Amino acid sequence: MTEAVPVRRSARVAAAAKRNPELEAKQPEVVAKKAKPSPKSKAKDTLKTEKEDVTSKDEEEHKQEAAQSEDKPAVAKDETESEKVEAKPVKSKQVEVGDAVPDITLLDQDSKEVNLAEVAKSSPFVVIFAYPKANTPGCTRQACAYRDHHEEFKSADVRVFGLSADSPSAQKKFETKFDFPYQLLSDPKYELIGVLGAKKTATGGVTRSHWVIKDGKFVSVNVGVKPDDSWSKTLDLVKNSA
């Protein structure tokens, strides 16, 4: 904004101006005073400009985010929760003392079907011993101990069964080599071994174990036993449960 400031001239200056027109041109009638912006107003203008830039940038980013969210497919909550549930490992139920014999049919060394639930109906006691692999040192000692004391089991009305993940043919070779007087059950799919709790890992393997069944129900469950005294422990359990 400008202000008009009149210039007072003396009579002498006016008279001289009349005599010399050039002098009149040199004397300005008005001095223009231009208002200079203060530092405070400069700061306000700068801040205002910066705010406008930030607001414009935020609006642009908001528009981009909205466009991206429209392009993304919506994920159903139920589907996400379902995937989380499916990812959790499911542990199968294992037998405990007091449980009934599972109704599972396996093949023995002669490829004959054997259902332990049916066997338990006709035998007061059933003993099952599991071994990792046929015809290996520890498993041979365990199986031969049951062979050597088999008459004691027979006298107590006990049916004895060996159990492993070996094939029927491998069980047959094992039985023929050591002349076992009892049946060897083949469970390559771990159907019975898994339910009995003797499956070593998720992919396979057998933990040396033994179980005692009386009147169709488990009276002893022992997973993880020694090969040499397995027979004596099961026989003692039978005698104490009689």
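The values are calculated or read from the model by the stated rules, or taken from the named source; none is laboratory data. Bear in mind the structure is a predicted one, so any value in this text is a computation, not a measurement. Here the Cβ positions follow ideal geometry from the backbone for every residue, glycine too, while neighbour counts run over all protein chains shown.
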Residue, surrounded by the fewest Cβ atoms within 10 Å (Cβ to Cβ), within the range 176-203, restricted to residues that are on the phi > 0 side of the Ramachandran plot and of a type outside the set (Asp, Glu): Tyr190
Complete set of residues in the range 107-131 that are in contact with a helix residue (DSSP H, G or I) (Cβ under 6 Å, 6 or more places away or on another chain) and either over 12 Å from Ser186 (Cα atoms) or surrounded by 15 or more Cβ atoms within 10 Å (Cβ to Cβ) (or both): Leu107, Gln109, Phe125, Val126, Val127, Phe129, Tyr131
Candidate set: the range 72-124, residues that are of a type in the set (Gly, Ala, Ser) and within 20 Å of Val195 (Cα to Cα); chosen: the one modelled with the lowest pLDDT: Ser92
Near pairs, Cβ below 7 angstrom, 6+ apart or cross-chain, from the range 152-164 (of a type in the set (D, E, K, R)) to any residue that is in a strand (DSSP E or B): Asp157/Phe125; Arg159/Val126
Test: residue in the range 180-196 that is basic (Lys, Arg) and either over 21 Å from Val97 (Cα atoms) or not assigned by TED's automatic domain parsing to the domain that holds Gly138 (or both): yes
Verdict on Ser169 being among the hydroxyl-bearing types (Ser, Thr, Tyr), buried (at least 21 other Cβ atoms within 10 Å of the Cβ) and modelled with pLDDT of 95 or more: no
